[in-house]
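A.B. asks: Would you mind keeping the following structure in view while I ask a few things?
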Amino acid sequence: MDKRFMIILAAVIVIFGVIFWTTKSKTDTVGKNGSTSAASQHIEGNKASGVTFVEYGDYQCPYCGQYYPLVKQVEQQYADKISYQFRNFPLVQLHPNAMAAARAAEAASLQGKFWQMHDLLYQNQNTWASASSPSSFFDQYAQQIGLNLSTFHSDQNSAQVLATINADQAAGQAQQVDATPTFFINGKKIDNPPTDVAGFAKLIDAAIATKK
């Protein structure tokens, strides 16, 4: 094979290698900055317990609103024994304000106040859920928990926040989530969620027992 051809071929390989690694580097950097579709990681409790309690929820969903105080009780009862995680699953075709609420929660998260906003959204669900434009209510909650309002507004409308919500929904769909609230304990979907603390306690105690 001609020596000059070999030199040209080697140069082409080097050029394509540089392009590949440059592209990969840029992609990795974007991921670290959070602008890729990485699912949210809102977790409370004992992360080292090995027992996970995950909820896919919609802030406007009335059933999620009914389960909210129950889930809080379960969290408190098992605070040192499990980790609880919330992920967004706004059912926008049913709940027109659900996406705006999820954006508000994720925007608050960027200022370190996710759980505070999460709680206020559920505690005041009946106030904002039927509003033609709920943004004024979300602004009130943002001020109540001490957020920078200007930053809150820009984050609400950011591609980063939307990507996080979309990634949560994709993760849920991959686990056959099609309604809210949907709960998982150690990755196992609870098809008929209990309606009291005792019912959840029975399931969680069984999951804890398997880890011993």
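A.B. asks: Return the residues of region 144-162 that are assigned to a loop (DSSP other than H, G, I, E, B) and closer than 18 Å to TRP115 by Cβ; say none if nothing qualifies.
C.D. replies: ILE145, GLY146, LEU147, ASN148
A.B. asks: Since VAL92 meets every condition but one in (1) open to solvent by 30 Å² or more (accessible area, probe 1.4 Å); (2) of a type in the set (A, V, I, L, M); (3) touching a strand residue (DSSP E or B) at 6+ places or on another chain (Cβ under 6 Å), which condition does it not meet?
C.D. replies: (3)
A.B. asks: If I go through region 46-64 residue by residue, how many of them are part of a strand (DSSP E or B) and either modelled with pLDDT under 95 or of a type in the set (A, V, I, L, M, F, W, C) (or both)?
C.D. replies: 2
A.B. asks: Being touching a residue at least 40 places away in the same chain (Cβ under 8 Å), in a helix (DSSP H, G or I), among the aromatic types (Phe, Trp, Tyr) and closer than 25 Å to GLY187 by Cα, is that true of even one residue in region 122-131?
C.D. replies: Yes; the residues of region 122-131 include at least one that is touching a residue at least 40 places away in the same chain (Cβ under 8 Å), in a helix (DSSP H, G or I), among the aromatic types (Phe, Trp, Tyr) and closer than 25 Å to GLY187 by Cα.
The values are calculated or read from the model by the stated rules, or taken from the named source; none is laboratory data. What you are looking at is a predicted structure, and each value in this text was computed from that prediction instead of being measured. Quick reminder, even Gly has a Cβ in these numbers, built from the backbone with ideal geometry, and neighbours come from all protein chains shown. Please note that ligands, DNA and RNA were not included when accessible areas were found on the heavy atoms of the full protein model with its side chains. Shrake-Rupley method; radii C 1.70, N 1.55, O 1.52, S 1.80 Å.
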